[in-house]
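Accompanying notes for the structure given below.
The values are calculated or read from the model by the stated rules, or taken from the named source; none is laboratory data. Remember, it's a predicted structure, so these values are computed and weren't measured experimentally. FYI the Cβ positions are ideal-geometry reconstructions off the backbone, even for glycines, and counts take in every protein chain you see. For the accessible areas, the whole protein counts, side chains as well, though only heavy atoms, and no ligand, DNA or RNA atoms are used. Shrake-Rupley method; radii C 1.70, N 1.55, O 1.52, S 1.80 Å.
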Amino acid sequence: ATHLERTRRLKGGQFLSQITKDFCQAWGIKHTILPMTDSPVRTIVDTDEGELAFQEYFVHRRCEPRVKGFRFDGVEIARCASVVGAREAIESAEAIVICPSNPWVSVDPILQVIPLTPAKRPLSPRQRGWGEGKKVVAVSPIIGGKAVKGPAAKMYAELGIEPSALAVAEHYRGLLSGFVLDTVDAELSVRIGVRTLITDTLMNS
């Protein structure tokens with residue numbers, strides 16, 4: 001029902017950020033939840049069976065096709081969410097935590113719309129330097145070479161990269177001031193290159 005109502009309102013011309021805000025109010029969520037953009041951005045997965053829209057790859061095909069790469073249609077012209085101030089939230093934050101989600105298809109599109117440091121691609125004047133000087137910490141979604149949930153480890157392997165917490169840290173190289181990894185990966189900490197926190201990251205209950 002959430003998806004149907006969101007789609008209905010988007011087709012009616014409403015901003016995703018306003019819809020998200022209304023959902024939070026309806027459900028009593030007090031935290032501010034901000035989409036990365038109000039512009040349409042589509043994740044396309046390049047596979048050994050051709051290009052697939054992400055939902056086709058993830059839901060219908062159950063991540064079975066072999067991954068070759070990704071692109072995000074519309075990301076180059078996407079602007080930061082307008083109604084509730086995603087840019088202002090980042091600029092006013094004391095620190096930024098990249099949660100243990102899939103770096104390739106969950107975090108990368110956000111960083112392309114709202115880059116935190118000048119890094120992998122040229123930035124426009126409106127983007128350059130967002131989050132500059134902030135503490136940026138990532139939590140590894142890979143524990144013991146496996147993803148807790150989802151296809152992240154499979155994607156790493158199919159792209160020719162051994163899935164590991166170290167690979168995740170390398171993915172974010174130049175962005176992080178700290179990295180959190182699980183105790184089972186403690187031996188990797190000396191190779192990560194930024195300050196690390198080794199702890200139990202998997203919630204078992």
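What the table below lists for this structure:
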read-out: Residue in region 69-84 that is basic (Lys, Arg) and more than 24 Å from Tyr156 (Cα to Cα) present; value: yes
read-out: Residue check, Ile192 of a type in the set (A, V, I, L, M, F, W, C), open to solvent by less than 70 Å² (accessible area, probe 1.4 Å), under 30 Å from Lys68 (Cβ atoms) and without any contact (Cβ under 8 Å) to a residue 24 or more places away in the chain; value: no
read-out: Long-range neighbours under 7 Å by Cβ, at least six apart or interchain, first residue among the aromatic types (Phe, Trp, Tyr) and outside any loop (DSSP other than H, G, I, E, B) within region 150-175, second at pLDDT 95 or above and open to solvent by less than 20 Å² (accessible area, probe 1.4 Å); value: Tyr156/Ala167
read-out: Among residues of region 176-189, those that are part of a strand (DSSP E or B) and hydrophobic (A, V, I, L, M, F, W, C), counted; value: 3
read-out: Residues of region 18-72 classified as open to solvent by 70 Å² or more (accessible area, probe 1.4 Å) and touching a Gly at 6+ places or on another chain (Cβ under 8 Å), total; value: 2
read-out: Residue tally, condition without any contact (Cβ under 8 Å) to a residue 40 or more places away in the chain, within 30 Å of Ile161 (Cβ to Cβ) and among the hydrophobic types (A, V, I, L, M, F, W, C), over region 20-70; value: 5
read-out: Neighbours by Cβ (under 6 Å, 6+ apart or cross-chain): first from region 1-19, under 20 Å from Arg79 (Cβ atoms); second of a type outside the set (Gly, Ala, Ser) and open to solvent by 70 Å² or more (accessible area, probe 1.4 Å); value: Ile19/Arg6
